[in-house]
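The values are calculated or read from the model by the stated rules, or taken from the named source; none is laboratory data. Small disclaimer: the values here were computed from a predicted structure and weren't measured. Glycine gets a Cβ as well: all are built from the backbone with ideal geometry, and neighbour counts include every protein chain shown.
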Amino acid sequence: MTGQRGNWAGNITYGAARFHRPGSVGELQELVAGSRAVRALGTRHSFNEIADCPGGDAVSLDGLPGAPELDPAHGTVTVGAGTRYGELSRWLHGEGYALRNLGSLPHISVAGACATATHGSGDANGNLATAVSAVELVTADGELAVLSREKDGDRFAGAVVALGALGVVTRLTLDVVPAFDVRQYVYENLPWERLEEHFEEIMSAAYSVSLFTGWRDRVIDQVWVKRREGDPGAWEPAPRWLDATAATADLHPLPGMPAVNCTAQLGVPGPWYDRLPHFRLDFTPSSGEELQSEYLLPRRHAVAALHALDGVRDVMAPVLQVSEIRTVAADDLWLSPAYREDVVGVHFTWKKDWPAVRRVLGAVEEALEPFEARPHWGKLFTMSPERVRSLYGRLPDFRELTGEYDPAGKFRNPFVDEVFFAGERPA
């Protein structure tokens, strides 16, 4: 496989000995069966070593057949694992259907986003993996296996957010709904006191709500409100809302950046796929001069946790580009940070200075420790593996499941070994 051998941000160089881009599932099966260590690469939007395979085989899935197959009778679409959300979404919309939710960027692959529990925003919206109703993967012996919500129940819940540790995913079946339109509004300069007093009201005001702040002043710089057309609710756009002011021009989440690459705002109606993400598909993110972290914590702790972070704003602000606060609905996926509890995600886009960011993450994680905060699987954190393990009650079940599908640890790597297996390798 030719092309980039590092992640999107350029802070990780993969240590795989060989890079492959199979053109068929059969070719992938043969490759996996003959490999001693193999990991799949998606669109490389992870910021840590979760996708690496030192000394082994790295496999890109974007060469596999992936044309979507719609099943209106069951309300699902089946798609190749390497397909990007933006491409799938436009095709789905043309067929009159939609996904319930999308992430900030439409450029990420379906399999990679679901494997790491990547999410969008909205009180009633689960992470992207909650749309998965079936998963097809190549297991360690090169055979194809299919697990589904309908026939595999709890085991299926352990296989969706699996970080690539059960096999190489080839296809996913996703729930769909009828296509819908969204109007997006942005408000500026929400006072911090109003956020603390009205957090529930703000986050539940619309189908999806995101808060952006630089943690430089006691203010939320921007509130992005995405209202689904036809949804009932008391909230109506107004020139002022909780002392925040409606924007009069499209904005970029990062102050001072041009909004041309952002999805349309100012209440202009548009299809779900062109409003739920913050950025447009035809904008290709450059190899970013940024690093990212995110922590997800039980919603019941939201205001207290944000207050704790406010106490270290002077540490964060000099290294930070922007921070986003979102809500995610509970699910039943074993390794999801929202397992059986609604959560709030606090995302950080940092300057590309890992030594400085690492020092700041220590302060952030210390501030969040009392609130059961779990790091996003694909982003940077310094939390100890022991602490991470303590936050996932189904981890013993997941270890058992990996032993069944991958007894020799073919799909494991140092990241998976350290976080889930305390550094132990299969005998």
Check on Ala73, aliphatic (A, V, I, L, M), surrounded by fewer than 23 Cβ atoms within 10 Å (Cβ to Cβ) and more than 24 Å from the chain's Cα centre (by Cα): yes
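Every residue, every condition in (1) of a type in the set (S, T, N, Q); (2) touching an Asp or Glu at 6+ places or on another chain (Cβ under 8 Å); (3) within 30 Å of Gly153 (Cα to Cα), yes or no:
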| site | (1), (2), (3) |
| --- | --- |
| Asp274 | no, no, no |
| Asp282 | no, no, no |
| Leu297 | no, yes, yes |
| Leu309 | no, no, no |
| Val319 | no, yes, no |
| Ile325 | no, no, no |
Looking only at the stretch 230-253, and only at residues there that are exposed (fewer than 15 other Cβ atoms within 10 Å of the Cβ) and at pLDDT below 95, the one that is nearest to the chain's Cα centre (by Cα): Asp231
In the stretch 258-284, the residues that are part of a loop (DSSP other than H, G, I, E, B) and closer than 17 Å to His107 by Cβ: Thr263, Arg275, Leu276, Pro277, His278, Arg280, Leu281, Asp282, Phe283, Thr284
Number of the condition not met by Tyr97 [criteria: (1) over 21 Å from the mean Cα position of the chain (by Cα); (2) over 23 Å from Gly270 (Cα atoms); (3) hydroxyl-bearing (Ser, Thr, Tyr)]: (2)
Entirely in the stretch 310-402, the helices (runs of 4 or more DSSP H) that have 2 or more residues that are within 15 Å of Glu294 (Cβ to Cβ): 354-368
Enumeration of residues in the stretch 307-343 that are under 21 Å from Ser384 (Cα atoms) and touching a residue at least 60 places away in the same chain (Cβ under 8 Å): Ala308, Leu309, Met316, Trp334, Leu335, Ser336, Pro337, Ala338
Subset of the stretch 190-209 [more than 27 Å from Leu102 (Cβ to Cβ) and part of a strand (DSSP E or B)]: Pro191
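Yes or no, residue by residue, for (1) in contact with a Gly (Cβ under 8 Å, 6 or more places away or on another chain); (2) of a type in the set (Lys, Arg); (3) surrounded by 17 or more Cβ atoms within 10 Å (Cβ to Cβ):
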site: Glu27; (1), (2), (3): no, no, no
site: Ala51; (1), (2), (3): yes, no, yes
site: Asp57; (1), (2), (3): no, no, yes
site: Leu61; (1), (2), (3): yes, no, yes
Matching residues, the stretch 87-130, being of a type in the set (Ser, Thr, Tyr), closer than 19 Å to Asp62 by Cα and modelled with pLDDT under 95: Ser109
Strands (runs of 3 or more DSSP E) contained in the stretch 54-147 and holding at least 2 residues touching a Cys at 6+ places or on another chain (Cβ under 9 Å) and of a type outside the set (Lys, Arg): 132-138
Sole exception among (1) farther than 24 Å from Gly75 by Cα; (2) in contact (Cβ under 8 Å) with a residue 60 or more places away in the chain; (3) within 24 Å of the chain's Cα centre (by Cα); (4) crowded, with 23+ Cβ neighbours inside 10 Å for Ser204, by number: (4)
